[in-house]
Ligand code: ADP
Ligand code: UDP
């Protein structure tokens, strides 16, 4: 399968750390997202590539968006176009990252003075302001209103959807031998509706093997643990059956 955006000469409108966005011909309501092999960590301080990550992450996201749709949760996903590209609705993005946590890891473990891997009694939901320059500072709903980042009702709806998604994803990964430790979601508005956007991949989730607690996600890259491509491939294999 060839890259449609290159083949058709569509205009690149954005290049981020992990993806590129292309116009979809003259259709302003749609975009192509192209998944790169580039990997960054610690707000861009660590840079590298992960072989085949673009193909794995495109496929994993497509499968998980389909799984969510089957469970009544709508996303920006329209269609898989090629190994590294999917067609999505062009959303007005909320400048907020929604992080949901089921187990302690990373900054939460540090902040609360507990070890990594402690099961939380109920999920923790955190909001971050999406800004590379500021290093994505943590915010809350009052910031959304005070700094005019969007409508509170939209953020509340996104929060509810983020928690609903938790049930579906936790269950799916549990059945496939993995703990869903935490993950980050992004949402946007399309025709007045809040839709899940961006990606759901090992770049944006922490997944641990249920038996060995081995990390099967981007922490292998962040912490130089080796076996990075194999970890992405494992999630790719699990999700290809959806
Ligand atoms: P970053 O911009 O953080 O480096 P990426 O490399 O993943 O991240 O770039 C993808 C960009 O596309 C992100 O900024 C994300 O908010 C945005 N995006 C994702 N889905 C959509 C969509 N459906 N419509 C418009 N923008 C989107
Ligand atoms: N995350 C992400 N993009 C970000 C920040 C976080 O995808 O810009 C994901 C990350 O992969 C992890 C979860 O959100 O699964 C929590 O990440 P955070 O950076 O808060 O990690 P911590 O601070 O706990 O190390």
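A few comments on the model shown:
- For region 44-102, the tally of residues that are out of contact with any strand residue (DSSP E or B) (no Cβ under 7 Å at 6 or more places or on another chain) and more than 21 Å from residue 172 (Cβ to Cβ) stands at 6.
- Qualifying residues in region 105-152 (those that are over 21 Å from residue 92 (Cα atoms) and touching a helix residue (DSSP H, G or I) at 6+ places or on another chain (Cβ under 7 Å)) - the one nearest to ligand 1 (Cβ to nearest atom): 125
- Criterion: closer than 23 Å to residue 36 by Cβ, surrounded by 14 or more Cβ atoms within 10 Å (Cβ to Cβ) and in contact with a strand residue (DSSP E or B) (Cβ under 7 Å, 6 or more places away or on another chain) - qualifying residue of 229, 186: 186
- Residue within region 212-232 that is closer than 22 Å to residue 69 by Cα and within 13 Å of ligand 2 (Cβ to nearest atom) present: no
- Just one of the listed residues (64, 21, 31, 81) is in contact with a helix residue (DSSP H, G or I) (Cβ under 7 Å, 6 or more places away or on another chain) and away from ligand 2 (no atom under 15 Å from the Cβ), namely 81.
- Selected residue (criterion: farthest from ligand 1 (Cβ to nearest atom)) from residues of region 20-41 that are closer than 15 Å to residue 76 by Cα and under 15 Å from the mean Cα position of the chain (by Cα): 34
- Checking each residue in region 199-216 for being in contact with a strand residue (DSSP E or B) (Cβ under 9 Å, 6 or more places away or on another chain) and free of Cβ contacts under 8 Å to residues at least 24 places away in the same chain picks out 204, 214, 215.
- Counting only residues that are within 12 Å of ligand 2 (Cβ to nearest atom) and without any contact (Cβ under 8 Å) to a residue 60 or more places away in the chain, region 84-105 holds 1 of them.
- Yes/no for residue 8 being farther than 27 Å from residue 107 by Cα, modelled with pLDDT of 95 or more and in contact with a strand residue (DSSP E or B) (Cβ under 8 Å, 6 or more places away or on another chain): no
- Only a single item in (1) crowded, with 23+ Cβ neighbours inside 10 Å; (2) within 16 Å of ligand 1 (Cβ to nearest atom) is not met by residue 195, and it is number (1).
- Filtered by the rule that a residue be within 14 Å of ligand 1 (Cβ to nearest atom) and either free of Cβ contacts under 8 Å to residues at least 12 places away in the same chain or over 15 Å from residue 218 (Cα atoms) (or both), region 164-192 gives 185, 186, 187, 188, 189, 190, 191.
The values are calculated or read from the model by the stated rules, or taken from the named source; none is laboratory data. Computed from a prediction, not measured in an experiment: that's the story for all the values here. A quick note on method: Cβ atoms are made from the backbone with ideal geometry, for glycine too, and the neighbour counts reach across all protein chains shown.
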